[in-house]
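Below is one structure, written out as C-alpha cells; the observations come after it.
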Amino acid sequence: MGAVRDVLRRPLGHFTERTLAGLALVLGAGVGFGLVLVLVRVRWSPLYDVDHGVARWLNDQVAPVGPLVTVLNAITDLGGRPVIVWLVTVAVVGLLIRRQGRLAVFLIVTGAGALILDPSLKTLVDRLRPEVAVPIGTYAGQSFPSGHALGSMVAYGALLLVFLPAMARRWRRAAMILVGTVVFLIGFTRVALGVHFLSDVIGAWLLGAAWLGVTAYAFRLWRLERGRPATPLTDGLEPEAAHEVAPAPDEEKLLPHARAGVAEIVVGWVLVFGALYAFGMFASYHAGGTFLASLDEVVPNWFASHGTPLLDDVSWWWSKAGDTHAIMAVSLVFCPLVLAVWRRWRPVLFVALTMFGELTLFLASAAAVDRPRPPVENLDGPMPTSSFPSGHIAATLCLWIVIAVIVLPRTDRWWRWLFVAAAVILPVGVAVSRMYRGMHHPTDFLGAIILAALWIGLLYWAIRPNEDVREGNRPEIESADVDTLDDELARAGRPG
C-alpha cells in the first residue's frame, strides 16, 4: 500500500516542483482579479476617477476620427462571440478528426468556463456601461468584466497552447507576441469605443489568465500522472502531438509551376473580365430586339405581378444564401475541414483564389458595365453596385461548385452527391429569389454563370486542386469513421 501511495504522490510532487513559478503566476492573476472585483464592487473613488477619466479622454480622441472608429470596430470583432465560437469549434472538430480528443476536451472545457464566468460575474457585479459625450457603439448588458477581453484571452491563449508544437521553435516567440498583441488590442478597443471601463478590461485579462492557467496546469498534471515528461508551456500542451496538430505539411510545389501559374491566373483574370465586359455591354445596351432583351423585360415584370407576402419572405431568406456573410461562413468552415481531413493546402488555395477572383471580377464588371436595376420595384432597396453581373449568384455558384469539385473525387460515399446537388439547387434558388425581388435581369444570371464557368475552369487547370488524390493521398479519417467522432470525444473526457 505504501508503494502505491508513493506512485500516486510522485506525479503530483513532480508537477508542483516544476510548476511553482507558474502556479504563483496563476494565483497572482486570481488574487489580482479578486482585488479589482472588490474595488469595482465598492466603487473605490480613485478607481472610479481613473475609469471615467480614461473613458472621457479616449472618447474625445477617437469619436471625431471616422476611419479610426472603423478600424477599432474591425479589431474588436476578433474578440466577439461569433469569431471565438467559430475558431474553437473548428479547432475541436479538427482535433477530433486527428484523434486528439484530450486536446479537444481542453479547448471545450476552457472555452465553456469563459462562457459561464462572463455572464455570471456581469450579473453579480451589475455595473453600468460608460456614458460618454459621443457614443460610438452600443452594447446591451452589464459592464464588468469585458466579455471580449475575457474571451480573447482564454480562446486565443488556449489555441496557442494547443498548436504551439506544430510551429518551428524560431516562430514560437513571434506567435506568442502576436497573440499577446491581438488580445491587448481587443481589450484596448473596448475602452476606446466607450463600451467598457479600463478596470473592466484589466479585470477580464486577470480572470482569463487565471482560468487559462488553471486548465493548462490541470492538463499538465494529467500528463505527469501518465508518466509523460513535464515540458515548459513554451513547448505547448502536447509536444508529442506536433505532427497531428499541424494543419498540413509544407508542400514542395503548391502550384505545379509557380511563376507560370501566377502568370496564367493573372492573364486569365483579364480575359475573363474581358468576356464579362463584352457580354454585359451587349446585354445591357445593344441587345434590343433580341431574345435576350425580351427575356430581360418579360421575366422581371412577371415576377413583379405574381408577388405575395409569403414569397417575399421566402425569397429574402433564400437570397441570404448568397450574401457575403453566408459565403464567408461556409468557406471558413469548409477550408479548415479540408486541412484536417486531407492535410493539403492546394484545395484551400483553390477555394481562396476562386472566391477572391469572383469578388474582384464582380466588382470590376459591375463598375465597368454600370447596368441599372430592372424597372420594377426593388424589394431590397438601393444597392451600392450595379445590376450586372449578380454578385449573390456568382458567389453561390463559385463556392458550391468548388466544394463539389474538391469533395467528389475524394470519397466514394453516397453523401458526396449532396454537394453536387447543392451546387445546382442553391445557385438556382438564389437566382430565382434575386430576380423575384427585382434586383437582377435574367442576363445578370447568365453573366454570373459565365464568370463562374470561366474562372473556375481556369483555376482548376492552373492549380490542379485534386492532384494529391491522383498521387494516392488518403484522408486522415475514412468516410466510414465519421460516425465515431463523438466516441473519440467521449473517450477523451473519461477519467483514467
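Relative to the longest principal axis of the Cα atoms of the chain, the long axis of helix 346-369 makes an angle of roughly 50 degrees. Summary of the geometry: segment 166-212 and segment 321-388, compared by the centres of their Cα atoms, lie 32 Å apart.
Relative to the longest principal axis of the Cα atoms of the chain, the long axis of helix 291-305 makes an angle of roughly 60 degrees. The Cα atoms of segment 407-468 give a gyration tensor whose axes a ≥ b ≥ c have a/c of 1.5 or more with a/b no greater than b/c, which makes the shape oblate. Shape of segment 71-117 from the C-alpha gyration tensor: oblate (a/c of 1.5 or more and a/b not above b/c, with a ≥ b ≥ c the square roots of its eigenvalues). Packing-based ranking of 262-270, 278-286 yields 278-286, 262-270, ordered from highest to lowest mean Cβ neighbour count within 10 Å. From the coordinates of this entry, Cα extents along the principal axes in Å is computed, and it appears in (1) 95, 63, 45; (2) 86, 48, 46; (3) 62, 57, 43 under the label (1). Put a plus charge on the Cβ of each Lys and Arg, a minus charge on the Cβ of each Asp and Glu, and nothing anywhere else: the dipole of the chain about its Cα centre is then about 1580 debye. Entry note, the chain: the mean residue ellipticity at 222 nm calculated from DSSP H runs of n ≥ 4, each adding -39500 (n - 2.57), is -23500 deg cm²/dmol after division by the residues and rounding to the nearest 500.
Relative to the longest principal axis of the Cα atoms of the chain, the long axis of helix 169-192 makes an angle of roughly 80 degrees. Most tightly packed first, judged by the mean number of other beta-carbon atoms within 10 Å of their residues, the peptides 288-296, 336-344 read 336-344, 288-296. Size estimate for segment 273-398 follows the Kirkwood approach: the inverse of mean 1/r over distinct Cα pairs works out to 16.8 Å.
Between Val428 and Phe184, the simple label model (points 7 Å from Cα in the Cβ direction) yields a spacing of 5.6 nm.
Quick one: which of 194-200, 384-390 comes out on top by average Cβ neighbours within 10 Å, and what's the full order, highest first?
Going by the mean number of other Cβ atoms within 10 Å, highest first, we get 194-200, 384-390.
The ratio of the alpha-carbon radius of gyration of segment 143-206 to the globular-protein estimate 2.2 N^0.38 Å is 1.22.
All of the numbers you see were taken from the coordinates with simple rules; none came from a lab. The model shown is predicted, which means the values in this text are computed figures rather than measured ones. Cβ atoms come from the backbone with ideal geometry, glycine included; neighbour counts cover every protein chain shown.
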